[in-house]
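In what follows, a single structure is set out as structure tokens and then discussed.
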């Protein structure tokens with residue numbers, strides 16, 4: 001078994017690279033991005049939402065974003081062409097020198113010859129002459145006819161707060177797409193409702209998207225002693241009109257010239273043997289016990 005790297009050109013997605021082994025196939029845009037627009041475990045559907053964003057005329061997909069300390073530079077649109085090169089166990093995708101901050105952003109997709117799981121390494125290299133303070137975060141959109149859940153934090157052994165929940169402007173506690181249980185928080189899709197966004201300090205570092213009998217699981221490391229953006233939250237869930245979005249963030253880093261900061265996610269795609277309900281914590285807990 002070996003890793004295959006193949007460049008293709010499609011009318012909808014433009015030039016892309018297909019990275020695959022005998023178990024997984026990943027499609028990444030290179031005209032802009034890099035954006036992961038498809039991940040399929042052979043015989044299973046792609047759960048990533050990759051319809052075109054009409055505002056920027058770009059297909060959606062998993063992408064890197066930055067939260068920079070200076071608000072005027074918080075937005076990063078990955079509109080430049082991408083350079084890619086093979087690695088021992090995957091492929092490196094680089095968008096070079098992000099203006100005006102002089103940053104290189106890269107996404108390493110690591111899968112191995114026979115792996116059913118992925119490691120995605122998101123990196124920022126500071127090529128400016130000054131230190132920069134930023135947080136790396138990722139955004140992964142999913143089909144709206146499913147739901148995302150995350151475990152609630154429960155780490156404090158003293159009489160102190162151990163859970164943070166933040167709601168973005170316009171989000172309502174009473175929204176029927178939002179479920180806050182004793183152990184989990186869930187958000188489901190509904191294309192007839194306006195935007196909903198919620199954040200939390202996800203100390204378990206686990207996020208799960210469920211769609212029928214298929215799932216998409218992320219793991220990352222939450223540093224309990226570090227400072228995170230947006231009221232110290234490391235996970236955000238957004239229900240848009242047409243899709244759901246899962247975001248995870250790194251702590252704030254101070255990156256000196258020519259230094260690198262990284263945010264790593266591990267992805268897996270387990271099948272679901274029994275139904276998992278949006279607001280059924282017993283079924284959610286039973287599923288998480290298998291991870």
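Once the C-beta distance of residue 7 and residue 165 is scaled by a Förster radius of 51 Å, the resulting FRET efficiency is 0.70 to the nearest 0.05.
Here is how the number arises for the chain: DSSP H runs of 4 or more residues each give -39500 (n - 2.57), the sum is divided by the residue count, and the result at 222 nm is -1000 deg cm²/dmol. Placing dummy labels 7 Å off each Cα toward the beta-carbon, the span from residue 242 to residue 69 is 3.8 nm. Across the chain, C-alpha contacts under 8 Å between residues 6 or more apart give a mean separation that, scaled by the residue count, equals a relative contact order of 17 percent. Protection proxy ranking of 15-25, 138-148, 251-261, by the mean of other Cβ atoms within 10 Å over each peptide's residues and highest first, is 138-148, 15-25, 251-261. Projecting label points 7 angstrom from Cα along Cα→Cβ for residue 130 and residue 31 puts them 3.6 nm apart. Take the Cα of residue 283, go 7 Å toward its beta carbon, and none of the backbone nitrogen atoms of segment 28-64 fall under 19 Å from that spot.
Here the calculated FRET efficiency for residue 259 and residue 15, from their Cβ-Cβ distance with R0 = 35 Å, stands at 0.65, rounded to the nearest 0.05. Taken along the Cα-to-beta-carbon direction at a fixed 7 Å, the label points for residue 227 and residue 290 span 4.3 nm.
When peptides 47-56, 163-172, 185-194, 118-127 are sorted by average Cβ neighbour count within 10 Å, with the highest value leading, the order is 118-127, 185-194, 47-56, 163-172.
Every read-out reported here was derived from the displayed coordinates using simple, explicitly stated rules and does not represent laboratory data. Predicted model only: the values in this text are computed from it and were never measured. No Cβ is skipped: glycine too gets one built from the backbone with ideal geometry, and neighbour counts run over all protein chains shown.
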